[in-house]
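To start, the structure under review is shown below, and the notes come after it.
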Amino acid sequence: MHCNVDTLRQDLRYALRSLRKSPGFTFIAVLALALGIGANTVLFSVISFALLRPVPIPNPEQVVVLNQTLPTFPRASCAWLDYLDWKAQTAGVFSRFGAARRDNFNLTSSGEPERVSGRMASADIFGITGVQPLLGRLYGPDDDKAGAPRTVVLSYGLWKRRFGGEPGIVGKSIELSGDSYAVIGVLPQEFRFLGAVDLFVPIGLFADRYQDRGVHPGIYVLGRMKPGVTLEAARTALSAVSERIGQAHPEVKGNGVYAQLLSEDQVADTRPALLLLWGAVAFVLLIAAANVANLMLSRAASRQGEIALRVALGASRGRIVGQLLTESVLLSVLGGALGLAFAAWGLDALGPWLSSLPRGGDIHLDLFALAFTALVALLTGVGFGLVPALRASDPALHLVLKEVRTGGQHGRLRSGLIIAEVALCMLLLVGAGLFLRSFARVTGVSPGFDTKNVLIFSISLPPSRYSTGDAINRFTGELRRRAAQLPGVTAAAVSVGLPILGTGETSFSFEGQAPADPTQRAQASIYTVTPEYFSAMRIPLLQGRLFEEADGQRNVAIIDERMAQRYFPGKSPLGQRFEGSKDGTVPALEVVGVVGHVESYGLDGHGPVDIAWYAPLDTAARIVPQFSTNVFVVARTSQDPGGLAAPLRKLVASIDPLQPVFAVETLEKAVDESVGSQRLTLLLLNLFAALALVLASVGIYGVMSYSVTQRTHEIGIRMALGAARSVVLRSVVAQGARLAVIGIVLGSALALAFSRLLQGLLFHTSATDPITYLSLALLLGCLTLMASWLPALRASRVDPAIALRAE
């Protein structure tokens with residue numbers, strides 16, 4: 001044992017001394033490995049938190065997320081009354097069953113009015129998560145019902161930010177959206193429930209709002225399965241309950257339940273892109289390792305005399321291999337240490353983009369990342385160092401003492417590594433090029449409205465003071481009237497829902513086209529807007545007219561061009577009527593206009609529905625005031641809209657001093673942020689592809705430079721015998737060109753093999769797009785030829801006399 005430690009100590013000292021003697025080689029090798037290992041550490045950290053780690057609750061494999069399915073809608077939120085039936089009739093399957101809904105509240109006590117994010121959640125939600133309060137208590141079933149005293153549980157962040165971490169906050173009252181709530185508890189700092197929010201209130205307090213089974217108000221359900229219950233058994237039980245509900249309530253017959261494990265639900269949208277990126281950085285690391293292996297082979301060749309002498313003096317092959325592997329592992333450890341620094345910097349730089357991922361706010365370098373980096377560094381060091389060490393320690397090298405050349409096998413191995421580098425580089429370049437074309441096409445899509453010079457912000461009117469349509473309409477009418485008078489404002493409007501930023505869906509049918517089965521009614525996006533909305537958004541009018549002020553009392557509607565084409569092909573939809581409700585609460589609405597289509601859910605066109613219609617906000621507030629309090633304000637300006645934020649805040653405060661304004665931004669920025677995930681994927685993939693391109697080019701340059709050095713004597717003889725410089729230049733470039741062509745062909749074949757995996761992530765771009773393949777092959781070919789041309793130029797300038805004397 002003592003001998004082994006001494007041997008390792010000697011090898012480390014020798015390796016450090018050897019690396020210090022070759023600072024250029026050491027710097028290039030460590031930097032290449034650091035870039036590859038650092039990129040892998042960043043992606044591992046992201047994937048570790050977002051995909052690999054269980055949701056931080058007890059036994060997360062028992063927790064399922066439930067959505068409602070409709071005959072015309074794949075996944076909707078849950079109707080409250082259906083949730084109650086699910087809970088009552090599946091007690092044998094679930095030990096806990098809870099409902100939650102996102103909402104915003106206006107906090108008007110202890111300072112300036114502030115909009116805070118919250119969740120209306122049933123008491124069982126806390127039991128499912130297993131959280132224990134930091135202060136006070138959590139609310140229970142007695143607090144979670146209509147008519148109970150209003151209680152609230154604060155998040156740690158809100159408690160610290162707004163109330164200074166005051167321990168005596170428990171028992172005090174705060175004002176939320178005009179109602180008084182008693183603070184009964186504070187949650188611990190580490191608690192995360194499907195994203196950070198500021199507070200929790202019992203959803204049962206608001207149950208009277210959700211007494212229609214046909215309304216799906218953003219409620220989602222979580223259930224904890226009893227031990228031994230499978231997901232399939234839970235799905236079967238829930239489907240049976242849905243069947244019974246459909247029989248008892250024909251108006252919702254055909255509705256079902258979509259159940260998925262919470263861990264799967266959280267990562268379903270992000271997994272493909274993250275795994276693609278991790279594959280990309282793995283290829284970058286392979287290219288870096290191949291580069292260092294080539295450097296090690298070249299270095300070993302230059303040390304043939306030294307190693308052969310050690311063999312002749314009795315050193316065993318194992319001893320030499322061990323010493324050379326110590327060098328390669330030391331290089332990799334140094335690269336890993338520098339890679340960790342790169343990774344820490346990279347995670348900080350990517351922080352704003354990572355926040356949108358599951359548990360994105362928690363992503364950091366931890367012990368798992370350190371262990372991963374150490375393992376990668378060790379495996380990489382052994383991986384790129386083993387073959388060069390075995391080749392260099394070949395006992396046949398004693399022939400070097402007799403001045404016999406042994407570079408052929410080394411040359412073939414180095415050429416193979418270069419071909420692999422170019423092939424992997426081509427694969428990454430194709431992936432990046434396809435994503436670039438896809439992103440260009442996404443961002444080139446017209447959203448159907450003009451994003452320039454528009455400021456938007458949100459307002460959440462408290463139902464305690466805005467419970468009627470008249471109250472809502474008075475506020476919105478005064479707001480848009482006075483906003484339109486501000487300097488630079490050309491149009492000001494108010495709407496419930498904005499394209500891309502969020503809208504609701506509703507079922508509908510036209511008179512004379514209603515399906516026999518009411519549950520088969522189609523779905524469409526709905527926007528309730530004030531008359532100036534179309535002017536402020538610059539949505540074009542195609543037929544008929546736009547809304548007028550008097551339309552708030554006329555029961556009219558406007559549809560988009562896709563709805564008109566789908567339901568009234570070849571004829572005018574003007575004068576057609578939407579069916580009203582059977583109970584008369586929702587009147588029939590007459591179509592008075594057709595406007596251009598807007599992208600409701602994103603520039604890529606993906607969404608549950610692809611048609612939309614509009615109703616006057618005054619009408620909607622009169623019919624369903626509870627769904628007309630969370631509004632967007634849209635102000636189009638003739639100048640930079642950024643300077644309008646402060647005047648609009650003051651304007652709102654002058655109308656209602658207790659009304660906070662939030663989410664203030666330009667419409668252009670909001671639409672730009674909607675493609676943030678695609679932009680992040682594109683940014684990282686292009687970064688990795690560029691890195692691979694540099695590494696591959698450097699690799700070819702290194703191999704060709706070494707080849708020229710090894711062939712100095714041969715080139716000198718050829719030139720002494722009359723070979724022209726151009727002939728020497730062409731022969732060396734041709735050698736590099738052969739390697740590049742083989743690598744490009746292999747890389748293109750690999751890219752075609754992976755095309756199916758890529759296709760689902762692209763927008764209107766074929767994964768086999770020939771223009772992308774040809775242009776990137778040309779780019780890579782030109783750069784690799786340049787990397788070959790520089791050593792070739794040096795070779796063509798060799799002085800034959802000097803070359804022969806050196807030999």
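Here are some notes:
- Amide H contacts under 5 Å for Val257, placed H, 5+ residues apart: Thr69
- Computed E for His364/Leu793 - FRET, C-beta separation, R0 60 angstrom, nearest 0.05: 0.80
- Phi-based couplings in Hz for region 680-693 (Karplus 6.51, -1.76, 1.60; Gly and Pro marked x): 5, 4, 5, 4, 5, 5, 5, 5, 5, 5, 5, 4, 4, 5
- Spin-label pair Ala268-Val727: with each label point 7 Å from Cα along the Cα-Cβ axis, the two points sit 6.9 nm from one another.
- Here's how it looks for Gln576: its modeled amide H is under 5 Å from those of Val591, which are all 5 or more places away or on a different chain.
- Between region 39-68 and region 478-539, the alpha-carbon center distance in angstrom: 37 Å
- A straight line joining the Cα centroids of region 343-385 and region 581-646 runs 43 Å.
- Taking label positions 7 Å along the Cα-Cβ direction at both Arg150 and Arg13, the computed distance is 7.8 nm, reported to one decimal.
- Between Ala749 and Ser117, the contour length at 0.36 nm per residue exceeds the alpha carbon distance by 222.5 nm.
- Computed from the Kirkwood radius of its Cα pairs, the Stokes-Einstein diffusion coefficient for region 327-381 at 20 °C and 1.002 mPa s stands at 177 µm²/s.
- Fully extending the segment from Glu590 to Gln260 would add 114.7 nm, taking 0.36 nm per residue of separation and subtracting the current Cα-Cα distance.
- Near Thr151, the amide H atoms lying under 5 Å from its own belong to Ala182; only residues 5 or more places off or on other chains count, and H is placed 1.01 Å from N.
- Across region 133-146, coupling constants 3J(HN,Hα) worked out from phi with the 6.51/-1.76/1.60 Karplus curve, θ = phi - 60°, read x, 6, 10, x, 9, 9, 6, x, x, 5, 7, 9, 7, 4 Hz, and Gly and Pro carry x.
- Hydrodynamic estimate: the Kirkwood radius of region 452-588 over Cα pairs, inserted into Stokes-Einstein at 37 °C and 0.692 mPa s, corresponds to D of 191 µm²/s.
- Only helices enter this figure: runs of n ≥ 4 DSSP H residues, each worth -39500 (n - 2.57), summed and divided by the residues of the chain, yield -16500 deg cm²/dmol at 222 nm to the nearest 500.
- The chain - Kirkwood radius from inverse mean 1/r over Cα pairs (Å): 31.4 Å
- In this structure, the residue pairs whose Cα-Cα separation is over 30 Å, taken from Lys145/Lys172; Lys253/Lys571; Lys226/Lys253; Lys87/Lys253; Lys160/Lys650, are Lys253/Lys571.
- Counting only residues at least eight positions apart within a chain, or on another chain, there are no lysines with an alpha carbon under 24 Å from that of Lys21.
- A simple rule links phi to the HN-Hα coupling: the Karplus curve 6.51 cos²θ - 1.76 cosθ + 1.60 with θ = phi - 60°, which for region 321-337 gives 4, x, 5, 5, 5, 4, 4, 5, 5, 4, 4, 5, 5, 4, x, x, 5 Hz, with x for Gly and Pro.
- Histogram of C-alpha separations across region 465-542, 5 Å bin width, %: 3, 12, 16, 17, 18, 14, 10, 6, 3, 1, 0
- Mean Cβ count within 10 Å, highest first, over the residues of peptides 193-200, 583-590: 193-200, 583-590
- Other residues within the sphere of radius under 13 Å centred on the Cβ of Arg359, judged by their own Cβ, net out at -1 (K and R +1, D and E -1).
- Coordinate range along principal axes, alpha carbons of region 145-258, Å, largest first: 52, 34, 20
- q = 0.14, 0.17, 0.24 Å⁻¹, region 186-246: log10 I(q)/I(0) [Debye, one scatterer per Cα]: -0.71, -0.96, -1.12
- Evaluated at q = 0.12, 0.17, 0.19, 0.24 Å⁻¹: base-10 log I(q)/I(0), Debye formula over Cα of region 595-679: -0.56, -1.07, -1.21, -1.26
- Positive minus negative residues near Ser495 (Lys, Arg vs Asp, Glu; Cβ under 15 Å): -1
- Relative to the current alpha-carbon distance between Arg649 and Gln759, full extension at 0.36 nm per residue lengthens the span by 35.0 nm.
- Isotropic mean projected area of the C-alpha convex hull, region 1-80 (nm²): 12.3 nm²
- Sorting 733-740, 160-167, 763-770, 609-616 by their mean Cβ neighbour count within 10 Å, with the most densely packed peptide first, gives 609-616, 733-740, 763-770, 160-167.
- Relative contact order computed over the chain (Cα-Cα under 8 Å; 6+ residues apart), in percent: 16 percent
Every read-out reported here was derived from the displayed coordinates using simple, explicitly stated rules and does not represent laboratory data. Everything numeric in this text was worked out from a predicted model, so none of it was measured. Cβ sites come from the backbone with ideal geometry, for glycine too, and all protein chains shown count toward neighbours.
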